[in-house]
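This report refers to the structure that appears directly beneath it.
Just so it is clear, none of the values below were taken in a lab; they were calculated from the coordinates. Bear in mind the structure is a predicted one, so any value in this text is a computation, not a measurement. When we count neighbours, we look across all protein chains shown, and the Cβ atoms used for this are built from the backbone with ideal geometry, even at glycine.
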Amino acid sequence: MRHYILKRLLLMIPTLFGVAVLIFLLLRVLPGDIVELKYAGTGSYAPKEALARERAQLGLDQPLWKQFITWIVGISLLDFGTSMWTGQPITHEIAIRLELSIELAVMATFVAILISIPLGALAAVKQDTWIDYFVRIFSIAGLAIPSFWLAIVIILTFVIYFRWLPPLTFTSLWVDPKANLTQLIWPALAVGYRYSAVATRMTRSAVLEVLREDYIRTARAKGLRENAVLIRHALKNALLPVITVIGLEFAFLVGGLVVTEQVFNLNGIGKLFVEAISQRDYTMVQSLVLLTSFIFIFVNFLVDLVNAYLDPRIRFQ
Amino acid sequence: MSRTSVKTSTLPAASRLDRWLEACLRFTRQRPLGAIGAAIIGIMIAAALLAGFVSPYDPLVTNYGRMLQAPSSLHWFGTDSFGRDVFTRIIYGSRTALWIGFASSLLGATLGALIGVTSAYFSGKIDLMLQRFMDLLLSFPLIILALVVVSLLGSGITNVIFAITVPMVPRCALVVRSSALALREMPFVEAARALGFGPLRIIVRHMLPNVMAPYLIMLTAFLGQAILLEASLTFLGLGVAEPTAAWGLMLRGAAVEFAERAPWMALFPGLAISLAVFAFNIFGDSLRDALDPKLRLP
Amino acid sequence: MLKYPDLSIVRRFASLLLTVVGSLAVAGVAAFAAETPRSGGELVFAVGGTPPSYDGHRETTFAMLHPVAPHYSTLLRFDPQNYPKIVGDVAESWQVSKDKLTYTFKIRKGIQFHDGSVLTAKDVKATYDKIIFPPEGVVSSRQATYAVVDKVESPDGQTIVFRLKHPSASFLANLASPWNFIYKADILAKDPRWYEKNIMGTGPFTFVEYVAGSHWVGKKNPNYFMKGRPYLDGYKALIIRDTAPRVAAVRSGQAHAEFRGFNPGARDDIVKTAGDQVVVQEIPWVCNLTVTINNEKKPFDDVRVRRALTLAIDRWEASKALSQISVMKYVGGLFRPGSEFATPESELVKLAGYGKNIEASRTEAKRLLREAGVPEGFSFTLKNRNVREPYEVTGIYVIDQWRQIGLNVNHVQQEEGAYFNDFRQGNFDTGIDFSCDFMDDPDLQLFKFISSEKSPVNYARYNDSVLDELYDKQSRTTDPKERLKLLRQFEKRVVDEKAYQFPPTLWWQRIVVHSAKMKGGKVTPSHYVNQDLRDVWLAQ
């Protein structure tokens, strides 16, 4: 087990390195650079030499390999540098937004679990009845409706019918829980609904499969009530693939909610990401991509670990 | 004459068709939801193919005298902020959606399946490397890829297809790989190897055909996703560009802005997208139920 | 015998008099009270972007200006009630020498920085030295507009002198630029880049906090030099990048205002929901879109082709159609309609593309194309930003107009980086370019149209010494009538005779919607001007 964990942790490093190289190169392939963008708008009559000096200051005139090495060395020492756009330290810029993104991801996960597990189990138990159909249609609708469309509809409903809008600035959960939740509950619901779609289907098929197993038949033969059969035996074993799916989807959530954050005006990682890209803020984008990749790979790793722990068959592979 | 005697006396091709038709009928009876999905897809394909005959107007011609008109007998779905007929654009939009959907999922699923099977066949170091590479692709944000493609090659349907294909490859690779892993131990693969067939031949001729089930399922799953991805990318300004008729594009900008005065601008494309993705997903679901219920999709 | 007047009459007259006077007094007090600014309250407004750095000399985006301007003063400013009249801010009074080469300003006494130190001419000199003669490593975004300045001197603590190389008609107005925040000399001496990440000014509000990407908070400066100001206790700028939630913020009342401008659709939606709880102010904006043509590429090097392109566009129709769905509205040449430099309509219709007979114009355009050897159905690209409003809208319109003279144009929309890059490299056929200045000033508006080798913002790739000469002449003329004549000549040459690049349609309309409670914020044609909030107050 320990060997397995160590191996997986070590394998993260080459993947992250690959990500670092890829993002570094791709960014520099994009046309336009930050200095050009900053001073390109009207009202800018700055002389070319000043702009060249700016580039030098940002390190953009160095040969590529040198820029890369400087950056990589910095990262390994946990120095993420400063944003090319604002000049502020990147850790500072990201930290403010990370709290929101993580909280949103967690809340959406809760919503998803609350919806998917009961509904999925219900659909499995009542397979091929109209309850089953309803649950399947409901959950697929969650997948089918474009997330930003849903978000816009939600916002418009609030504004038009209630003349109210959720708070537009973020207050930390520890500072003012009411303000915090009033802002985040709506995007959490929108995202969670979509998220639950996948989990519901997985729950349904996992429960269906488990219900066919022999030990369920035994439990029923023993005279156990249906509910007890369901909860004590079926659900427990069905949960494994469900947890896997939920974990995998969660990994996409941090930094993947770009459109939702834009529409609900959430000051999160996704929004920062889009802005940094259009500004060609190399250092910021690189750090963000590394961060989201790391979270993704790490969550995957955790999920695999949970799998290995819960399912002895995998553990002893 | 009894049915069986007719069957046995016909050519193999016809009996295959017969069996296929029977399978479809069974599918429809057993899984009505999936059949509904298939029907919707059928309608979409028909609309896309017959767009020129079915649409009342030209999707690109603007008409500033008739901007933002409500649905009427002249314009069934109303007009948009440039006076273009929404109904026509929805029909032509199905063309864009299906083209993007099919092309990218076919490309993505096929590439993914190839990589997955190769990875499973060779195992060891190659498997490890390919796995890590898939991990890399999976964790890499789609937006950057889309942005790179769009910035370098310009916006346009073909480039959007490239951008959307990339995230699909690792997903398919993972799923197919787990199916192929089981295949590797099977006797017929051993036999092929013993006969001296090269890895390429074994992979393509022997293993690939046996992962058809997960392949098809991933394909249909991707179709819906591709349409959604296109919509999201266009919303961010990275997808198809005006004046192409595409559902995601129709939802962008003006539709949101005029959402109250002209709700039909956002309503119909949104419905079209939802319906299309819904149909693909429900069909894919039923397909999976029919072909391989044990399959776990990432 | 009655010796005294009838008391009852007197009493009645007195009471009548009292009533009249009394009601007049009450009405007067009420009216007076309604218009008297009230102190207190926090103004909440939405800003459509995050500030990059905090240095006004360096940045060019309103996203920096709106939250940061309230912390600073400038040397001169525009009179909020009488744009474009110029009044002093930090300057109390000024004199211009007879030869128009020396400008002397007297600085007010008793202005304090937020840290308590007193502002003197030394600070003003250090500020302008940074703007006009930036030290190594410092970027001054508007340096070229001050090229006319030879020296800046501060002979004593309350006087600052600008010595110019030649007369400049726009110089005084340039000093009223909202970007020229007055900084502290001591700080600049130690670190000229300090102001990129820090705030220390003399403005009506002190800095409280900035949460990156979220909001900016300022508090009333108790030692502000204008007694009784600012009225507000403080302000909060909410950063809302996307248009939909920004509009929703004003509509739901969560924000009092948004200072850049909304488009007509947003305005109508807000008014529909909020009714008389909001006020709409509309004014022509000092912003427009230009069709830029790559004069180095065939067949656009042929003036006939370029003229055909501008003749094909029906600007009057565009004004009617596009103003309903976007901010594009006013037909004008190179100067904002409504400004002192604008060409009157009678003159305007004589220019190519501005005539009212579009059929005749289009026939002429087709003829020119034939003559120049451009085949029917000729195809080329129009490069544009991928922002809907008003770029995409304009692009689609222009392409449609060109289609009607038999040209087949591809609309290529790009994200910002690629767009600017292509323009700079000359990698385009035609494109939509934009122009936004902080005031009506020919020096600013025409800078885009002089030779490409002189103007970094002229992407059309042509050189024309006649235009350069005209530009210099008009910049130095101090006779307004003479100047107008030169401007007319310039405009005619650029738009009509040579058709190098031209406004395709229109100047924008600035529509500012704000809560009826917010008073004192009179909008000007520029969203950069008068954003320090010193005149704004909140009614109950």
Among C:His166, A:Phe170, A:Thr82, pick out the residue whose Cα is farthest towards the positive end of the charge dipole of the protein assembly as shown, where Lys and Arg carry +1 and Asp and Glu carry -1 on C-beta, about the Cα centre. A:Phe170
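Plugging the Kirkwood radius over Cα pairs into Stokes-Einstein for region C:227-267, at a temperature of 20 °C and a viscosity of 1.002 mPa s, what D comes out in µm²/s? Provide the component values of the computation, followed by the final result.
Working: Rh = 11.7 Å.
The Stokes-Einstein estimate is 183 µm²/s.
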Ranking C:Asn223, C:Asn295, C:Phe105 by how far each Cα lies towards the positive end of the charge dipole of chain C (+1 on Lys and Arg Cβ, -1 on Asp and Glu Cβ), the top one is C:Asn223
Distance in nm between label sites at C:Gln81 and B:Arg193, each 7 Å beyond Cα in the beta-carbon direction? 9.3
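As a test of the formula, what do you get for chain C when each DSSP H run with n ≥ 4 contributes -39,500 (n - 2.57) and the sum is divided by the residue count, at 222 nm and rounded to the nearest 500 deg cm²/dmol? Don't jump to the answer; show the numbers that get you there.
Numbers: 16 runs with 168 residues, N = 540.
Value at 222 nm, helices only: -9500 deg cm²/dmol.
Ranked highest first by the average count of other Cβ atoms within 10 Å around their residues, in what order do C:191-203, A:184-196, C:153-165 fall?
Highest-to-lowest ranking by the protection proxy: A:184-196, C:191-203, C:153-165.
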Which one, B:Leu107, B:Leu128, B:Leu147, has the greatest fluctuation when you compute a Gaussian network model over chain B with C-alpha springs under 10 angstrom? B:Leu128
Convex hull volume per residue for the protein assembly as shown, taking Cα atoms only, in Å³: 279
Checking the a/c ratio against 1.5 first, then a/b against b/c, what shape does the Cα gyration tensor give for chain A? oblate
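When the dipole is taken about the Cα centre of chain B, and only Lys, Arg (+1) and Asp, Glu (-1) are charged at their Cβ, what size is it in debye, to the nearest 20?
Working: 24 positive and 16 negative charges, 189 e Å.
It comes to approximately 900 debye.
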Give the whole-number value, in cubic angstrom per residue, of the convex hull volume spanned by the C-alpha atoms of region A:1-97. 137
Just to be sure I understand: if I project the alpha-carbon convex hull of region B:207-266 onto a plane and average over all orientations, what area do I get in nm²? 5.5
Give the distance, in whole Å, between the Cα centre of region B:221-249 and the Cα centre of region C:397-428. 21
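For region C:314-458, what is the charge dipole size about the Cα centre, in debye to the nearest 20, if Lys and Arg each add +1 at the Cβ and Asp and Glu each add -1 at the Cβ? Walk me through the intermediate numbers first.
Numbers: 17 positive and 22 negative charges, 80 e Å.
That gives a dipole near 380 debye.
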Using label points projected 7 Å from each Cα along Cα→Cβ, tell me how many nm separate B:Leu291 and A:Leu10, to one decimal. 3.9
Across B:Ala23, B:Ala262, B:Ala173, the residue with the highest GNM fluctuation in chain B (Cα network, 10 Å cutoff) is B:Ala23
Given R₀ = 30 Å, what would the calculated FRET efficiency be for C:Lys297 paired with C:Lys320, taking r from the Cβ atoms and rounding to 0.05? 0.35
Semi-axes of the equivalent ellipsoid of region A:74-229: what are they in whole Å, largest first, if each equals the square root of 5 times a C-alpha gyration tensor eigenvalue? 41, 22, 14
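Give me B:Asp80, B:Asp127 sorted ascending by neighbouring Cβ count inside 10 Å, so fewest comes first.
B:Asp127, B:Asp80
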Need the C-alpha centroid separation for region C:212-226 versus region C:484-540, integer Å. 26
Once the dipole of chain A is set up from charges on Cβ (+1 Lys and Arg, -1 Asp and Glu), the residue from the list A:Gly59, A:Phe298, A:Ile152 lying farthest towards its positive end is A:Phe298
Gain on full stretching of the segment that runs from A:Thr182 to A:Ala221 - 0.36 nm per residue minus C-alpha separation: 9.1 nm
Using a Gaussian network model of chain A whose springs link C-alpha atoms within less than 10 Å, name the residue from A:Gly142, A:Gly120, A:Gly32 with the highest mean-square fluctuation. A:Gly32
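For the pair A:Ser278 and C:Gln404, what calculated FRET efficiency results from E = 1/(1 + (r/R0)^6), where r is the Cβ-Cβ distance and R0 = 35 Å, to the nearest 0.05?
Numbers: r = 34 Å, r/R0 = 0.98.
Computed FRET efficiency for C:Gln404 and A:Ser278: 0.50.
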Cα long-axis angle, helix C:358-372 against chain C (0 to 90 degrees, to the nearest 10): 40
Rounded to the nearest 500, the 222 nm mean residue ellipticity computed for chain A from DSSP H runs (n ≥ 4, each -39500 (n - 2.57)) alone is -24000 deg cm²/dmol
How tilted is helix C:416-425 with respect to the longest principal axis of chain C? Cα atoms for both, answer in degrees (0 to 90, nearest 10). 50
From the mean inverse distance of alpha carbon pairs (Kirkwood) and the Cα radius of gyration, derive Rg over Rh for chain C. 1.05
With only alpha-carbon atoms in the gyration tensor, what are the semi-axes of the equivalent ellipsoid for region C:331-414, in Å, largest first? 25, 21, 9
Roughly how many debye, to the nearest 20, is the charge dipole of the protein assembly as shown about its Cα centre, given +1 on each Lys and Arg Cβ, -1 on each Asp and Glu Cβ, and no other charges? 1920
Once the Cα atoms of region C:88-145 are picked out, what are the Rg and Dmax in Å? 13.8, 40
If each Cα of region B:186-298 is one equal point scatterer, what is log10 of I(q)/I(0) from the Debye formula at q = 0.12, 0.21, 0.22, 0.24 Å⁻¹? -0.62, -1.04, -1.09, -1.18
Mean other chain Cβ within 10 Å across A:274-284 is 3
With angles folded into 0 to 90 degrees, how steeply does helix A:64-76 sit against the dominant principal axis of chain A? Use alpha carbons for both and round to 10. 50
Principal axis lengths of region C:441-522 from Cα atoms, whole Å, largest first? 53, 30, 22
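What ranking do C:Ile131, A:Ile13 get, fewest neighbouring Cβ atoms within 10 angstrom at the top? Spell out each step's value before the answer.
On the way: C:Ile131 25, A:Ile13 9.
Ascending Cβ contact count within 10 Å gives the list A:Ile13, C:Ile131.
222 nm [θ] for chain B, helices only, -39500 (n - 2.57) per DSSP H run of 4+, per residue, to 500?
-23500 deg cm²/dmol
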Per the C-alpha gyration tensor (a ≥ b ≥ c, the square roots of its eigenvalues), region A:146-189 is rounded if a/c is under 1.5, else prolate if a/b beats b/c, else oblate; here it's oblate
As an exercise, use a Förster radius of 41 Å and the Cβ-Cβ distance of A:Thr70 and A:Val106 to find the FRET efficiency, rounded to the nearest 0.05. 0.70
Considering only C-alpha atoms, what is the centroid distance from region C:105-120 to region A:13-37, in Å? 48
From the C-alpha coordinates alone, can you work out the Kirkwood hydrodynamic radius of region A:67-141, in Å? 16.3
If you take each beta carbon of peptide A:258-265 and count the beta carbons of other chains within 10 angstrom, what is the mean? 5
Could you pull out the pairs from C:Lys220/C:Lys519; C:Lys122/C:Lys227; C:Lys130/C:Lys190; C:Lys125/C:Lys236; C:Lys106/C:Lys184; C:Lys297/C:Lys492 whose alpha carbons sit more than 21 Å apart here? C:Lys122/C:Lys227; C:Lys125/C:Lys236; C:Lys297/C:Lys492
Ordered by fewest other Cβ atoms within 10 Å, a rough proxy for footprinting exposure, C:Trp216, C:Trp507 read C:Trp216, C:Trp507
Answer rounded, prolate or oblate for region C:48-178, using the Cα gyration tensor with square roots of eigenvalues a ≥ b ≥ c: rounded when a/c is under 1.5, else prolate when a/b is larger than b/c, else oblate. rounded
For the protein assembly as shown, what is the percent of antiparallel DSSP beta bridges, rounded to the nearest 5? 75
